Protein chains: 2
Amino acid sequence: MSALHTLGLTAMLEALERGECTLADIWRSCRAQIAHAEPQVRAWQQLWEGKAPDEDAAQAGLLRGLPLGVKDTIDVRGLRAERGSAVWQGRMPGADAACISLLKRLGARVMGKTVTTEFAYFTPGATANPHRLTHTPGGSSSGSAAAVAAGMVPLALGSQTAASVIRPAAYCGVVGYVASVGSHALRGVMPLAHSLDALGLLARDVADLQYLVQGGLGGAVASGPPWRQPRAVLAIDGTAFGEVEPQMLALHEQAVAELARRGVQVTRDAGALLGEGGGPAWVEGHRQTMAYEAARTLAFEYDAHREALSPALRALIEEGMAIGDQRYAELCDAREAARARFAGHMRDHDAVLAPAAPGPAPEGLHATGRPDQSRPWQWLGAPQVTLPAAWNGDGLPLGLQWIGTHRGDQALLQVAHWAQNALGWRVRPPPTFAPLAPSHA
Amino acid sequence: MSALHTLGLTAMLEALERGECTLADIWRSCRAQIAHAEPQVRAWQQLWEGKAPDEDAAQAGLLRGLPLGVKDTIDVRGLRAERGSAVWQGRMPGADAACISLLKRLGARVMGKTVTTEFAYFTPGATANPHRLTHTPGGSSSGSAAAVAAGMVPLALGSQTAASVIRPAAYCGVVGYVASVGSHALRGVMPLAHSLDALGLLARDVADLQYLVQGGLGGAVASGPPWRQPRAVLAIDGTAFGEVEPQMLALHEQAVAELARRGVQVTRDAGALLGEGGGPAWVEGHRQTMAYEAARTLAFEYDAHREALSPALRALIEEGMAIGDQRYAELCDAREAARARFAGHMRDHDAVLAPAAPGPAPEGLHATGRPDQSRPWQWLGAPQVTLPAAWNGDGLPLGLQWIGTHRGDQALLQVAHWAQNALGWRVRPPPTFAPLAPSHA
């Protein structure tokens, strides 16, 4: 059997079920991997210091005491929630976030809080990409993606307002899932832009997401088989939204050919979907909506702690405050029209296939990469799943994402599960890390 | 001139502008009215104890230092936010809610926190109806409505998930406005059901709402004249949603006749709007959506502080947890269909006119009255304004509400302003209160 920490959630449950290991073994293996990799990956803002759950926990709930990573914008009682900002250093939340209460009921135990960018916007934390430590893990759910990729936990919570789950999942080569906007009670999740914020999960297997979502986390309905080959796919190569690297375009092209070979009907006309302003109008619609809402959401920090905010966040807030209500109304109208067009196209297609990011993770930890390839779908409120569809010569993953209709999460997860199994778009085992110094060997 | 505390917001600003009084005079008058009326009305959870704002404040912002009441589910830094629950006794929030930051920027100063029902659901606080102390003020924004009605503050913040602004405003005879769902960043407002929660305001004049909303609080766009006679109105008498008292039906009928006399085209066919299940399906759609979402939102309190919750709230949470994701998906589908039908009807109508409540405020402080007449419109996410359209023989107000299209707040406020002026649906001066004991005389 593989080392326990390299398993996904359902594989861990199967190992428990078959009596191949105890819950304590799993926690020990994950914690050992954290001790091994964390000095270089820096995925954690704070680790829970208590004892591993006892064997009673292993009998409880669907998740049987398995460890969960939680983005530091999400409140967990007893752990700090600092939101990637000096403003909230040491903040102890009074209550668990709604999603945390539900996951605890399901038997999950929190391993710790994972690094987020500042208020889930763009200014990065310390986390490195486990597959190449000189490269960004993406953001804002940086620590959650890196922790799953490095085999520290089988599952982590994130949230997405622009590209905050899909991009880090793609850069770190794990499965990233963003739920339809509005599916979950987001109490206790620090908001950024209320019409765009959505809950997300990072995992090693699509089956793990389905298990959890259908098991009580909500947002999708269990029906039909676990996977399903799509009949018709709308393939969008992303060039309408921003620059896409040749290796990503080639991968997308290759995926389209593979779908066609398997009898999937592939449509490639983005123009009719995008409407008059084309892709740039969608990207800009998202960007300005986010700025307007974030400026109001973060008005307290701007007024009371301006000097503690990064220049990038201050600039976003200032841009957003300058967007008037008239312009915001126009943005909402434009989005409604785009959603209606998208719903129309999705009557004839099971999913959209698109790049999850412009390419692999860029070099450097000073920025988290471009969000253009996620903004349009998040603007629509659509559910999204990214999978590691290939790995390049530098050992970095390339993510392709499937996008579904609003509240069509279940059908989307079925298509993603099919792609994982049939096309082999699978998460790889965690990398091993060279020792930092002889004492770590 | 009338006593300062009896004025609405814009009337206070005019008095300041004309040099008839100072800001200190206004605060003194409001505080004297609180001292006079609070022992019997019990509108406040906590009053701000500091000095009245100085004359510098009177130069700042649109609101020039005028006092604001804030429902205790909304966070204000430096004041407790106890949410009507023993669970959160003494809770000091770390940040201002987004709406509070914006109102402070506009120059408002917080007079204090107003009484709410438990978590903005149905279990009442201590507040009495200022117009009849033996009768409920309605809920959940009980203290905000009573404080404005009693002339303690010209303006108060509320929030609505079912009937929490419209019903107390109607019962207390003030103007109540609920913004379109989704118009405002609700950070710092305790959520109850995320797809239904909306910000609300209680005031003495529709012009006050327009001044504020267009001046920077957001949610509506300033355009056109301040008031406008509607060309076509859809009149719904509310009997499809629940029992309506004869005095309310007579008032609605009389209002319809008055509209017709003024050349307004009135349509009365609710059936086509309501669709297959009729009114009960709308009421029940709202009720179950609220239960599903509230159960998840309040999961922490249910798990950690169950004994501190009222039986009614526990029952709501338990009912909601028993509603599965499949049923919730059906509820969302039904709402989408209802919204589409409503949008279709509203292409030919400027507003809906309906009872704001089944009748006047019921006797007793043990319950807050029936929410049936608000549930349907809140389910749609539509903006609503209630006005005191008449006063009955018991000295209690009867509210009729105008309902607009989603994000059509501006046009709705114009119609409401017209009704206030042309039909005389005006807020009356605050009542005087018999002294509790000679020392209060």
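Data overview
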| quantity | calculated |
| --- | --- |
| Checklist (1) touching a Pro at 6+ places or on another chain (Cβ under 6 Å); (2) under 26 Å from residue B:391 (Cβ atoms) applied to residue B:156, failing item | (1) |
| Residues satisfying the stated conditions in segment A:304-342, i.e. outside any helix (DSSP H, G or I) and either among the β-branched types (Val, Ile, Thr) or under 13 Å from residue A:87 (Cα atoms) (or both) | A:305, A:309, A:310, A:323 |
| Residue check, residue A:348 part of a loop (DSSP other than H, G, I, E, B) and more than 22 Å from residue A:208 (Cβ to Cβ) | yes |
| Qualifying residues in segment A:87-101 (those that are buried (at least 24 other Cβ atoms within 10 Å of the Cβ) and of a type in the set (A, V, I, L, M, F, W, C)) - the one nearest to the other protein chains (Cβ to nearest Cβ) | A:98 |
| Residue match in segment B:364-372 (condition: part of a loop (DSSP other than H, G, I, E, B), within 14 Å of chain A (Cβ to nearest Cβ), surrounded by 22 or more Cβ atoms within 10 Å (Cβ to Cβ) and not acidic (Asp, Glu)) | no |
| Qualifying residue in segment B:401-411 (condition: in a helix (DSSP H, G or I) and in contact with a His (Cβ under 7 Å, 6 or more places away or on another chain)) | no |
| Number of positions in segment A:182-209 that are touching a Ser or Thr at 6+ places or on another chain (Cβ under 9 Å) and within 13 Å of chain B (Cβ to nearest Cβ) | 16 |
| Residues of segment A:116-127 classified as surrounded by 21 or more Cβ atoms within 10 Å (Cβ to Cβ) and within 22 Å of residue A:435 (Cβ to Cβ), total | 1 |
| Residue match in segment A:304-320 (condition: farther than 25 Å from residue A:367 by Cα, within 11 Å of chain B (Cβ to nearest Cβ) and of a type outside the set (A, V, I, L, M, F, W, C)) | no |
| Any chance residue A:248 is more than 14 Å from every other protein chain (Cβ to nearest Cβ), in a helix (DSSP H, G or I) and modelled with pLDDT of 95 or more | yes |
| Only one of B:351, B:340 that is more than 25 Å from residue B:248 (Cα to Cα) and among the small types (Gly, Ala, Ser) | B:340 |
| Residue in segment A:33-50 that is of a type outside the set (Asp, Glu) and at pLDDT below 95 present | yes |
| Any chance residue A:301 is within 14 Å of chain B (Cβ to nearest Cβ), more than 21 Å from residue A:163 (Cα to Cα) and in a helix (DSSP H, G or I) | yes |
| Total residues in segment B:374-396, condition over 22 Å from residue B:127 (Cα atoms) and either in contact (Cβ under 8 Å) with a residue 24 or more places away in the chain or crowded, with 24+ Cβ neighbours inside 10 Å (or both) | 13 |
| Criterion (aliphatic (A, V, I, L, M), more than 24 Å from residue A:215 (Cα to Cα) and touching a helix residue (DSSP H, G or I) at 6+ places or on another chain (Cβ under 8 Å)) met by exactly one of A:58, A:15, A:32 | A:32 |
| Only listed residue being in contact with a Gly (Cβ under 8 Å, 6 or more places away or on another chain), closer than 17 Å to residue B:157 by Cα and surrounded by fewer than 24 Cβ atoms within 10 Å (Cβ to Cβ), chosen from B:112, B:84, B:65 | B:65 |
| Unique match (being within 14 Å of chain B (Cβ to nearest Cβ) and surrounded by 19 or more Cβ atoms within 10 Å (Cβ to Cβ)) among A:404, A:399, A:359 | A:404 |
| Positions within segment A:200-238 being under 16 Å from residue B:296 (Cα atoms) and either basic (Lys, Arg) or surrounded by 22 or more Cβ atoms within 10 Å (Cβ to Cβ) (or both), in sequence order | A:212, A:213, A:217, A:218, A:219, A:220 |
| Number of the exception - residue A:65 against (1) closer than 25 Å to residue A:213 by Cα; (2) part of a helix (DSSP H, G or I) | (2) |
| Residues satisfying the stated conditions in segment B:329-355, i.e. in contact with a helix residue (DSSP H, G or I) (Cβ under 8 Å, 6 or more places away or on another chain), under 30 Å from residue B:420 (Cα atoms) and among the basic types (Lys, Arg) | B:339, B:341 |
| Any chance residue B:283 is farther than 24 Å from residue B:416 by Cα, of a type in the set (Val, Ile, Thr) and crowded, with 16+ Cβ neighbours inside 10 Å | yes |
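Yes/no matrix, rows are residues, columns are (1) touching a residue at least 24 places away in the same chain (Cβ under 8 Å); (2) outside any loop (DSSP other than H, G, I, E, B); (3) within 14 Å of another protein chain (Cβ to nearest Cβ):
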site: B:219; (1), (2), (3): yes, no, yes
site: B:253; (1), (2), (3): no, yes, no
site: B:257; (1), (2), (3): no, yes, no
site: B:266; (1), (2), (3): yes, yes, no
site: B:273; (1), (2), (3): yes, yes, no
site: B:276; (1), (2), (3): no, no, no
site: B:282; (1), (2), (3): yes, yes, no
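The values are calculated or read from the model by the stated rules, or taken from the named source; none is laboratory data. Quantities reported herein were computed from a predicted structural model and do not represent experimental measurements. As a convention, Cβ positions derive from the backbone with ideal geometry for all residues, glycine included, and neighbour counts pool all protein chains shown.
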